[in-house]
There are 2 protein chains.
Amino acid sequence: MEDMDTSQQTSRDGAAADTYDVIVIGAGPVGQNAADRARAAGLSVAVVERELVGGECSYWACVPSKALLRPVLALADARRVDGAHQAVTGTIDTGGVFARRDRYVTDWDDSGQAGWVASIGADLVRGQGRLDGPRRVTVTPPGEEQGRARTLTARHAVAVATGSSPLLPDLPGIDEARPWTNRQGTDSSRVPGRLAIVGGGGVAVEMATLWQGLGARTTLLARRPLLPRMEPFAGEMVARGLSEAGVDVRIGVSVTGLRRPDPDGPVTLTLDDGGTLEADEVMFATGRTPRTADIGLETVGLTPGSWLDVDETCLVRGVEGGWLYGLGDVNHRALLTHQGKYQARTAGDAIGARAKGLPLDDGAWGDHATTADHHAVPQVFFTDPEAAAVGLSAEQATRAGHRTRTVDVDFAQVQGANLHADGYRGQARMVIDLDREVLLGVTFVGPGVSELLHSATVAVAGEVPLKRLRHAVACFPTVSEIWLFLLKAARE
Amino acid sequence: MEDMDTSQQTSRDGAAADTYDVIVIGAGPVGQNAADRARAAGLSVAVVERELVGGECSYWACVPSKALLRPVLALADARRVDGAHQAVTGTIDTGGVFARRDRYVTDWDDSGQAGWVASIGADLVRGQGRLDGPRRVTVTPPGEEQGRARTLTARHAVAVATGSSPLLPDLPGIDEARPWTNRQGTDSSRVPGRLAIVGGGGVAVEMATLWQGLGARTTLLARRPLLPRMEPFAGEMVARGLSEAGVDVRIGVSVTGLRRPDPDGPVTLTLDDGGTLEADEVMFATGRTPRTADIGLETVGLTPGSWLDVDETCLVRGVEGGWLYGLGDVNHRALLTHQGKYQARTAGDAIGARAKGLPLDDGAWGDHATTADHHAVPQVFFTDPEAAAVGLSAEQATRAGHRTRTVDVDFAQVQGANLHADGYRGQARMVIDLDREVLLGVTFVGPGVSELLHSATVAVAGEVPLKRLRHAVACFPTVSEIWLFLLKAARE
């Protein structure tokens, strides 16, 4: 073990200005959480950020997308309730919606979050961070040449939390088309007249919900059924909801090329069904690529641009000496802010324990193991209906070799659901592990289910036996009473 | 054991028309669930109902109150979101609200629910049911004299699920005042100009939320702080919400008398602070009394009008032979539909097991034990903010002798909460059992927390250790991320 006395020295001391116990590359929520836990363990920490402190999530993903979507969904909710819908006589105020978004992204100004980094006693180092051999990181300040980089040294750990970027397909005319990605999809303050969205995953369906809700005539082009990682009915119900909201949902269609001859004019997409589609903007939500191309992976024997393969404590495999961690999107386990934060908390604690020479608690569900990454990853899409799932789908569970039973319930049976929204339409599925009598996965689709999901996450991550779940009484008349029907169906 | 061959004989056989395996008195949700489980065990069942099949809950409590409240809350939710509130330019449509309520109570017509009783193969016997010695029940049809009663005999069990009635205080002028109870509070289709509500519990605060929301100038008169069984901040926040909605909330005030000299005129309340209050209607929500005064308890050695003292299977204590069950409100454990249904499911299964001579599973958390009644009773009030709690409050936990730690978190810290509602105001508390490292109770107050509660109920009833709860990741950015802050605070 290295001498822990030095861990109290931060750069403010002057003496060891460029040596830290821990260096975190990337100041998004994941990097921030890793820094927070390392600081809580008494370690000195530098956080390197090339762009905005707060990362993609805070400025171009979760936060602005929910800020923008919530007005659409709140009005949809009110419109579904007799007595209330009569009061919704106006239309959504796009100016108010964009102003709301601007407030939650603090006008893309990161001083508040930079202040938070300072408040936990970590040093923020602005610039492009690159590994430079074991435990070394060079930071090139914005606008400077790489040769002017400052070199930081880590006594204990370097954590890469650089996230991911949109992956654009290599199509003819893609550059000329200047497509939107999640960035323009969340930072635009102008509603395109016609918007084409390419993709069928979570980003695509949320963006279609949003922009159609704000008045864009939206076309969704997906090669495969929507939300392919969830139970099939999730994508089907979301597709139906989008269609009813006016979105032109086209499944099984691929884009083969794009043209935008006039930079100020419309974009034309050619499709593999032989047709073309003209739109004022086109957005691609066709996947993500790790932001690891230019972070010096080659200096430690790894391949630039690759996802990082990590162990249960998020230590990168194949790097000697156990000092490099991969947290959040870059490890490709689950490209979700909350799961990255979970990894960061776990790894931050593990870094602290290792630095102190304490024993690790890295067995299944231990304090230093990211066990939930394998069994209980929750995900919510703020569409209408909302789609929420945790754990394995029925197909995933079977493929993983579990002996399972699948139970399906229509929310229309649940009085609390109908009271919540007249004509409530929703569907729930529970996948049971027959050998252990616990839940492997739960999926809810319907208005308002985004807050219901955590009950399932506690059940799945907690491995609460079915026999005990029957004592977890849901209030009448809430939507949560879906549990009563699921558990009853499981007995039959 | 009695001969199970007879259990297949229902009254339709003609032969044993008045003999059943199980007789259930009261066809509310509780009685229905008991009947359902007894039928599932292959037992013949008669269900006796003197009023409407579906009970208080379906026609004058949970169902109409939520049907009426939901439009008020859906509009409040939309008004809290910038971009959406601008579309809410009209006012709530009371006609639409009342029509909604009428649909959910099926115009106080119980034929649908009577059909359900028939569909499970139980016999519905309409009339006042009264015990007539062990295992015997007389049923006096509506409008008939008691002497014309039909006598039913139960081979195995009689379950009393007659519920409770409003308890009116013995005040001068109370009859003349013709006060509203939960009945008029939920079945009225007229909004009083001025409404005085007496009481400070769940019914009182929901009714104040509702009628103020529908336009009545509402005064709430409570002797003690609101919602006395929840954490103190719940009542405080609900009081503040009511005040901001325009309700005149007066705490620490008692009514000493009432006058309504002109039956078509206003009612005047005299108060113990020396003042008077004039209103167009006055509603009392001052407690409940068991509907056991006229059900023949004296014929089996019990006291008419008393609550029934029951064991873990809901068998009434002090009655020889083990055949009388008390389910729902009458046993005074938790006057909540969902908890009564839980008791009914549990007792129904126990009745089935006992009838078959099977061993009971009535240890803690067993299939035949109502263990959750003691540890994990959930409750939600559909007020603005909503108030939701499960298990013990900090004070209750201390009083019960637990060594506890209390953790408080303001929802304002949770980005998902703010994104849900601009300026979200809410509070959460978690009570930890320090000896077992599990949760004893959780309270949430804030908009939309009613569906969040079940996550806590699963944690409390499932006795999920804190260490494991840290692996139950809540989605970013949902309101459910309050869990992250609670668990973080618990580590500090």
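The values are calculated or read from the model by the stated rules, or taken from the named source; none is laboratory data. Since this is a predicted model, take the numbers as computed values, not measurements. Neighbour counts are summed over all protein chains in view; Cβ atoms, including those assigned to glycine, are modelled from backbone coordinates with ideal geometry.
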> Restricting attention to region B:225-246, does a residue exist that is within 24 Å of the chain's Cα centre (by Cα), small (Gly, Ala, Ser) and part of a strand (DSSP E or B)?
Replying inline: no
> Applying the selection to region B:151-168, what residues are in a strand (DSSP E or B) and not small (Gly, Ala, Ser)?
Replying inline: B:151, B:152, B:153, B:155, B:156, B:158, B:160, B:166
> Only one of (1) in contact with a Leu (Cβ under 9 Å, 6 or more places away or on another chain); (2) closer than 22 Å to residue B:312 by Cβ; (3) more than 11 Å from chain A (Cβ to nearest Cβ) fails for residue B:363. Which number is that?
Replying inline: (1)
>> I'd like to know if region B:177-187 contains one or more residues that are outside any helix (DSSP H, G or I), among the hydrophobic types (A, V, I, L, M, F, W, C) and at pLDDT 95 or above.
In response: yes
> Which residues, counting only those in region B:429-447, are within 23 Å of residue B:401 (Cα to Cα) and either out of contact with any Ser or Thr (no Cβ under 7 Å at 6 or more places or on another chain) or of a type in the set (Ser, Thr, Tyr) (or both)?
Replying inline: B:430, B:435, B:436, B:437, B:438, B:439, B:442, B:443
>> Quick check on region B:442-451. Is at least one of its residues at the interface with chain A (Cβ under 10 Å from one of its Cβ atoms), at negative phi and touching a Phe, Trp or Tyr at 6+ places or on another chain (Cβ under 9 Å)?
In response: yes
>> Can you pull out every residue in region A:106-123 that is surrounded by fewer than 19 Cβ atoms within 10 Å (Cβ to Cβ) and either touching a helix residue (DSSP H, G or I) at 6+ places or on another chain (Cβ under 8 Å) or free of Cβ contacts under 8 Å to residues at least 40 places away in the same chain (or both)?
In response: A:106, A:107, A:108, A:109, A:111, A:112, A:115, A:116, A:118, A:119, A:120, A:121
> Within region B:457-469, is even one residue of a type in the set (Asp, Glu), in the same structural domain as residue B:427 (by TED's automatic domain parsing) and closer than 26 Å to residue A:477 by Cβ?
Replying inline: no
>> Take the conditions assigned by TED's automatic domain parsing to the domain that holds residue A:193 and part of a helix (DSSP H, G or I) and apply them to residue A:278. Does it pass?
In response: no
> Scanning region A:101-142 for residues that are more than 30 Å from residue A:303 (Cβ to Cβ) and of a type in the set (Ser, Thr, Tyr), which turns out farthest from the chain's Cα centre (by Cα)?
Replying inline: A:119
> Residues that are more than 30 Å from residue B:492 (Cα to Cα) and not basic (Lys, Arg): which strands (runs of 3 or more DSSP E) entirely in region A:286-388 hold 2 or more of them?
Replying inline: A:288-290
> Looking at (1) at pLDDT 95 or above; (2) more than 10 Å from chain B (Cβ to nearest Cβ), can you tell me which one residue A:149 breaks?
Replying inline: (1)
> For residue A:143, all conditions in the list (1) under 24 Å from residue A:294 (Cα atoms); (2) surrounded by 18 or more Cβ atoms within 10 Å (Cβ to Cβ); (3) without any contact (Cβ under 8 Å) to a residue 40 or more places away in the chain hold save one; what is the number of the exception?
Replying inline: (2)
> Of all residues in region A:39-58, how many are within 13 Å of residue A:124 (Cα to Cα) and within 12 Å of chain B (Cβ to nearest Cβ)?
Replying inline: 1
> Looking only at residues in region A:366-397 that are more than 30 Å from residue A:212 (Cβ to Cβ), crowded, with 22+ Cβ neighbours inside 10 Å and within 12 Å of chain B (Cβ to nearest Cβ), which one is farthest from the chain's Cα centre (by Cα)?
Replying inline: A:368
>> Test of understanding: among B:171, B:210, which residue is assigned to a helix (DSSP H, G or I) and more than 21 Å from residue B:292 (Cα to Cα)?
In response: B:210
> Taking residue A:138, is it of a type outside the set (A, V, I, L, M, F, W, C), buried (at least 21 other Cβ atoms within 10 Å of the Cβ), on the phi < 0 side of the Ramachandran plot and in contact with an Asp or Glu (Cβ under 8 Å, 6 or more places away or on another chain)?
Replying inline: yes
>> So, in region A:22-61, exactly how many residues are in contact with a Ser or Thr (Cβ under 6 Å, 6 or more places away or on another chain), within 22 Å of residue A:109 (Cβ to Cβ) and surrounded by fewer than 24 Cβ atoms within 10 Å (Cβ to Cβ)?
In response: 1
>> For the list (1) more than 7 Å from chain A (Cβ to nearest Cβ); (2) closer than 17 Å to residue A:345 by Cα, I need the number of the one condition that residue B:465 fails.
In response: (2)
